[in-house]
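Shown next, in C-alpha cells, is the structure this report addresses.
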Amino acid sequence: MNHNPDKSSSFKSGDHDHKNSVPRTESLKSSKEKDPAAADKNETNEQRGEAKEAEIKYTLEKAWEDIQHFLSGEEGLEIPDIIDKYLDLVEHKVSRFEVPEKSKGCPVPDPEDDGWFHKVVEQMSKLHRHVSTVFKSDSNRGPLINRIGRIHQRVMSYLEDEFRVLLEESRTVEAAADQSPDAGQDQAKEEPNFPGYSKQVLATLNKISKLMISGGYEFECYEVYMVTRRNTIEETLNKLGFEKISLDDIQRMQWEAMEREIPPWVRAFKECANIYFSAEHKLAQTIFSDNPSVAKSLFANLIRVLFLQLLNFAEAVALSKRSTEKLFKFLDIYETLQDHSSAIDSLFPEECAKELKAELTATRSKIGETAICIFCDLENSIKSDTGRTPVPGGAVHPLTRYTMNYLKYACDEYKDTLEQVFKEHSTSKPRDYQGNSQSNNDENQSPFSRHLIKIMDLLDSILEAKSKLYKDVALSNIFMMNNGRYILQKIKGSPEIHQAMGDNRYKKRSYELRNYHQSYKRETWMKLLDCLNMEGLNVNGKVVKPALKERFKSFNAKFEEIHRTQSSWVVSDKQMQSELRVSIAGVIIPAYRSFLGRFSGYLTPGRQTEKYIKFQPEDIEAYIEGLFDGSTSSMPRRKA
C-alpha cells in the first residue's frame with residue numbers, strides 16, 4: 001500500500017499539538033481582550049465550524065445507517081446513491097489528516113471524539129469487504145469499487161500510523177521518567193516500568209489491532225508491532241549496558257573488552273528472564289486478545305530473535321582463548337543460563353520452547369565444558385612454573401599464594417556451580433599428578449573434589465622440588481613450613497575446601513608440617529646442642545679445661561653463624577613464627593643455662609671468662625626472638 005512517508009512523524013507532531021494546545025476558552029478570552037470585534041468574528045466562525053462538524057457527524061451516522069440496509073441485503077443488489085455521499089463525507093472528515101508536505105504535522109484522531117475515526121475504519125472495512133465480494137465481477141461497478149478501496153487504504157494507513165505512534169509511546173514514557181529529578185532514586189528502589197503503557201493506551205492498541213486484522217491489514221499490523229517492540233526492547237537493553245554485537249565482532253574482541261561486556265550481559269539476561277519476557281508475553285496477549293494464537297506467535301518470533309542474540313554472545317565467549325583468569329566470568333554466565341532456563345517453558349509455545357531450550361542447553365554445555373578445561377588448565381600453569389631461583393628467606397612462594405587464593409575464591413563463591421559443572425560436563429576421570437588413576441578411596445568424592453585434590457597434590461610436588469633449590473637443608477625446611485602453613489590456613493579459612501579435602505587429608509598436612517618443624521630443629525639447633533655435650537669433659541673426676549674451652553668456643557661460633565645466617569630467613573605466619581621461637585628457646589636455653597651453671601666456675605674469672613662465655617642465657621633468648629622476621633642484623637658485641 002502507498003503510505004505518506006511523513007505520516008508517522010506527522011502523527012507524533014499532531015498528537016503533541018493536540019495535547020499541548022491552549023484551551024479554547026482561554027484562547028477566545030485572550031482574543032476578546034485584545035480586539036472585541038475580531039473576537040466576535042472568530043467566535044462566529046468557530047461556531048459555524050462546530051455546526052459543520054456536527055452536521056458531518058450526524059450525516060455520517062445517518063448515511064451509514066442507510067448503507068447497512070444495503071449490506072444486509074434489504075435493498076437488493078443495487079448500490080444506493082447514499083454510498084457516494086457517504087464516501088464524500090468520509091473523505092472530507094479524514095482530509096484534515098493530510099497537510100501540505102512543508103507543513104509541520106497533522107492532527108491525530110481525538111480518542112475523546114466518540115471514537116468516530118475507529119468507527120469509520122470499521123465501516124469502511126465492512127463496505128470494502130462487501131462490495132469486493134458481491135461485485136468483484138461487475139465491471140460497471142469497478143470505478144466505485146476502486147474508490148472504496150482507495151479510501152479504505154487511506155484510513156487504514158492512518159490507523160497503522162496511529163498504531164505505531166501508540167506503540168512507541170512506551171519509549172516516550174521511559175525517556176520522560178529518566179529525565180525526572182528523582183529518576184535515579186526510583187530506579188534503585190523499584191522494578192523497571194516495562195513495557196510502560198497506560199491502561200487507556202492498551203485498550204486503544206487492542207481496538208486498533210482488531211480493526212486492522214478484520215480489515216485485511218493483519219500483515220501490516222503484525223509488522224508494525226514486531227518492528228516497534230524489537231526496537232523498544234533493544235533500547236531498553238542498551239540502557240542496561242548491553243548492546244547488540246555480532247558474533248564475528250565478539251570473537252575478534254580482546255579479553256579485556258569482552259570481560260567488560262559480561263556483567264551487562266548477565267544483567268540483561270536476568271532482566272529479560274525475570275521481567276521483559278513475561279511482560280512482552282502479557283502485552284501481546286492484551287493487544288491481540290481476540291487472537292491468542294497470533295499473540296503467541298508474535299511473542300515467540302519477537303523474543304526468539306532476542307533470546308538467540310543473547311545466547312550468541314555467551315557462545316562467542318565460550319569460543320574465546322582459554323586462560324585461568326576467565327574461569328569466574330564463565331561461571332557467571334553458566335549460572336545465569338542455568339538459573340533462568342525455566343522462563344522458557346512457562347512462556348513460549350511448545351515447539352518454540354523446545355527449540356530454545358535445546359539452544360540454551362547446548363550453549364550452557366559449551367560454557368560448562370570450557371570452564372572445566374580452564375580449571376584443569378590451572379594444573380598446566382603449576383607445572384609450567386619451572387623457575388630455578390629460590391624464594392629469598394624461604395618465604396611463601398608466589399605460586400602457592402596464587403594457587404590457594406584461586407582455589408579459595410573458586411570454592412567460596414562457586415563451589416556448588418563447579419560441582420554441577422564437573423558432574424554434568426566432565427568426560428574423564430582425573431588422574432593424580434604422577435599420571436596414576438585415583439585410588440578407590442576417592443570414589444565417594446565428587447568429580448570436582450577429586451580435581452581439587454589433584455591440583456593441591458600437584459602443588460605439593462612442585463613445592464617439594466623447589467625446596468631442593470636451597471643448599472641449606474634447614475632453609476629448605478623453613479620453605480616447606482612456610483608454604484605448608486599458608487596452605488593449611490587457606491584450607492582452614494575455607495569450609496568448602498576443607499569439606500572437599502576431608503579431615504584425613506587436613507590432618508595429614510598438619511602432621512607433615514610438624515615433621516618439617518622437627519627436621520628444621522634437628523638440622524640447626526640439635527647440632528648446636530652437641531656443643532654442650534659433657535662427654536669427654538671429665539677425666540678421672542677432673543674437668544679438662546682445654547676441652548671445656550673448646551666447647552664454649554664451638555658453641556659461640558655455631559650460634560653466631562646460625563644468627564648471622566638465619567636472621568634473614570622468613571617465617572611469614574606470626575603464630576608459627578612465635579611457636580618456632582618458643583620451641584627453639586625451650587630446647588636451647590635450659591641446656592645452655594645448665595651447662596653454664598655447671599662449668600663456668602672452672603674458667604678463670606676475668607679475661608678468660610669474657611673470652612669463652614660470650615652469651616648469657618638472656619642473650620641467647622633475645623637473639624632467638626630476633627630470628628625469622630627477614631631483617632638481616634649483625635650480632636651486637638656483648639658488653640663486659
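Confirm whether Glu174 is among the charged types (D, E, K, R), at pLDDT 85 or above, in a helix (DSSP H, G or I) and crowded, with 17+ Cβ neighbours inside 10 Å.
So Glu174 fails the test.
Limited to segment 482-509, what total is found for residues that are closer than 27 Å to Val570 by Cα and touching a Ser or Thr at 6+ places or on another chain (Cβ under 7 Å)?
Of the residues in segment 482-509, 5 are closer than 27 Å to Val570 by Cα and touching a Ser or Thr at 6+ places or on another chain (Cβ under 7 Å).
Taking segment 194-246, which residues are farther than 12 Å from Glu160 by Cβ, without any contact (Cβ under 8 Å) to a residue 12 or more places away in the chain and aliphatic (A, V, I, L, M)?
Ala203
Does segment 379-394 contain at least one residue that is without any contact (Cβ under 8 Å) to a residue 60 or more places away in the chain, touching a helix residue (DSSP H, G or I) at 6+ places or on another chain (Cβ under 7 Å) and not hydroxyl-bearing (Ser, Thr, Tyr)?
There is no residue in segment 379-394 that is without any contact (Cβ under 8 Å) to a residue 60 or more places away in the chain, touching a helix residue (DSSP H, G or I) at 6+ places or on another chain (Cβ under 7 Å) and not hydroxyl-bearing (Ser, Thr, Tyr).
Of the residues in segment 467-515, how many are in contact (Cβ under 8 Å) with a residue 60 or more places away in the chain, of a type in the set (Gly, Ala, Ser) and within 17 Å of Thr403 (Cα to Cα)?
3
Give me the pairs: first residue in segment 333-349 and under 14 Å from Glu271 (Cα atoms) and assigned by TED's automatic domain parsing to the domain that holds Tyr414, second residue in a helix (DSSP H, G or I) and of a type in the set (Phe, Trp, Tyr), beta-carbon distance under 6 Å, and six or more apart or on different chains, which are they?
none
Grab the helices (runs of 4 or more DSSP H) fully contained in segment 530-640, keeping just those with 3 or more residues being at pLDDT 95 or above and of a type in the set (D, E, K, R).
The helices (runs of 4 or more DSSP H) meeting that bar number zero.
Looking at segment 182-213 only, could you name the residues that are among the hydroxyl-bearing types (Ser, Thr, Tyr) and either at pLDDT 90 or above or within 29 Å of Leu308 (Cα to Cα) (or both)?
Of everything in segment 182-213, those that are among the hydroxyl-bearing types (Ser, Thr, Tyr) and either at pLDDT 90 or above or within 29 Å of Leu308 (Cα to Cα) (or both) turn out to be Tyr197, Thr204, Ser209.
The values are calculated or read from the model by the stated rules, or taken from the named source; none is laboratory data. It should be emphasised that the depicted structure is a prediction, and the values quoted were computed from it without experimental measurement. No Cβ is skipped: glycine too gets one built from the backbone with ideal geometry, and neighbour counts run over all protein chains shown.
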